[in-house]
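Colleague: Below: one structure in structure tokens.
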Amino acid sequence: MCTLAMALSGLGSVVSVMGAIQQGNAAAAQAEYSAKVARQNAEIERRRADDASERGRLESEKMKEKGRQFSGAQKAALASQGTRMDTGSPLAIQVDTAGMTAADDAMTRYNAMLERSGFLSNAAQAETRARGSEFESSLAKQASFYNAGSTLLTGASSLAKQWDFWKNGY
């Protein structure tokens with residue numbers, strides 16, 4: 001009867017060891033999945049950053065073209081009145097238009113740069129989460145082996161006590 005109890009106790013220890021390892025593997029797999037998702041999110045954020053740069057570039061070009069068209073329309077209107085373009089108010093109007101166009105262009109590029117920076121910051125945070133999840137995965141695997149080893153030692157100790165009791169009769 002004692003050998004059956006010892007066998008069942010040993011089997012229970014083996015099952016517990018396997019469960020500890022499985023639990024660690026499951027936790028590691030979850031952490032690895034989280035790392036993979038975080039890396040995909042980082043890539044999406046980098047693509048958004050590139051898109052923000054491209055949209056900013058296109059908007060800047062559009063802004064400059066509108067400025068050139070507006071300046072051209074001003075010059076045509078002033079020239080049609082026979083006004084000299086290189087002195088006085090006509091020159092001041094052209095300078096103001098060029099300055100406003102440049103300021104609008106600079107603001108457009110600045111806004112695109114800020115948007116890009118935000119996306120790149122998000123990408124860096126996602127990469128950090130990925131590295132944290134990878135570290136968590138390795139810790140989960142290590143912990144499962146420590147738990148399995150502890151369970152195995154506890155089971156062996158219990159079996160030794162049962163064996164000693166059965167062998168010596170007390």
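The values are calculated or read from the model by the stated rules, or taken from the named source; none is laboratory data. No experiment lies behind these values; they were computed from the predicted model shown. Cβ sites come from the backbone with ideal geometry, for glycine too, and all protein chains shown count toward neighbours. Please note that ligands, DNA and RNA were not included when accessible areas were found on the heavy atoms of the full protein model with its side chains. Shrake-Rupley method; radii C 1.70, N 1.55, O 1.52, S 1.80 Å.
Colleague: Calculated FRET efficiency, Ala143 and Met113, Cβ-Cβ r, R0 45 Å, to nearest 0.05? Don't jump to the answer; show the numbers that get you there.
Modeller: Values: r = 44 Å, r/R0 = 0.99.
Given R0 = 45 Å and the Cβ-Cβ separation, E is 0.50.
Colleague: Using a 1.4 angstrom probe and counting only protein chains, how large is the accessible area of Leu11 in Å², to 10?
Modeller: Its heavy atoms expose roughly 100 Å² to the probe.
Colleague: For the chain, find the longest principal axis of its Cα atoms and tell me its angle to the long axis of helix 88-168, 0 to 90°, nearest 10.
Modeller: Compared with the principal axis, the helix lies near 0 degrees.
Colleague: Still on this model: Take the Cβ-Cβ distance between Ala103 and Ser80 as r, set R0 to 30 Å, and report the resulting FRET efficiency rounded to the nearest 0.05. Let's see the in-between values first.
Modeller: Values: r = 28 Å, r/R0 = 0.92.
Calculated transfer efficiency: 0.60.
Colleague: Quick check on the chain: helices-only [θ] at 222 nm, where DSSP H runs of length 4 and up contribute -39,500 (n - 2.57) each and the sum goes over total residues. Nearest 500, please.
Modeller: Numbers: 2 runs with 160 residues, N = 170.
The helix contribution divided over the chain gives -36000 deg cm²/dmol.
Colleague: Here is a further query. With angles folded into 0 to 90 degrees, how steeply does helix 2-80 sit against the dominant principal axis of the chain? Use alpha carbons for both and round to 10.
Modeller: Relative to the chain, helix 2-80 is tipped by roughly 0 degrees.
Colleague: Right, here's the next one. If you take log10 I(q)/I(0) by the Debye sum over Cα atoms at q = 0.15, 0.20 Å⁻¹ from the coordinates, which of (1) -0.92, -1.33; (2) -0.91, -1.13; (3) -0.85, -1.34 do you get?
Modeller: This structure yields the entry labelled (2).
Colleague: Take each of the peptides 119-126, 91-98, 139-146, average the number of other beta-carbon atoms within 10 Å over its residues, and list them starting from the highest. Don't skip to the end; give the middle numbers.
Modeller: On the way: 119-126: 16.6, 91-98: 13.5, 139-146: 15.1.
Descending packing order for the listed peptides: 119-126, 139-146, 91-98.
Colleague: Something else: If the viscosity is 1.306 mPa s and the temperature 10 °C, what translational diffusion coefficient in µm²/s does Stokes-Einstein give for the stretch 1-56 when Rh comes from Kirkwood over Cα pairs? Before the final figure, lay out the partial values.
Modeller: Details: Rh = 15.2 Å.
Rounded, D is 105 µm²/s.
Colleague: Run the accessible area of the chain with a 1.4 Å probe and give the carbon-and-sulfur part as a rounded percent. Walk me through the numbers on the way to the answer.
Modeller: On the way: 6990 of 11380 Å².
Its accessible area is 61 percent carbon and sulfur atoms.
Colleague: If you roll a 1.4 Å probe over the heavy atoms of the protein chains, what accessible area per residue do you get for the chain, in Å²? List each step's numbers first, then the result.
Modeller: Values: 11380 Å² over 170 residues.
The answer is 67 Å² per residue.
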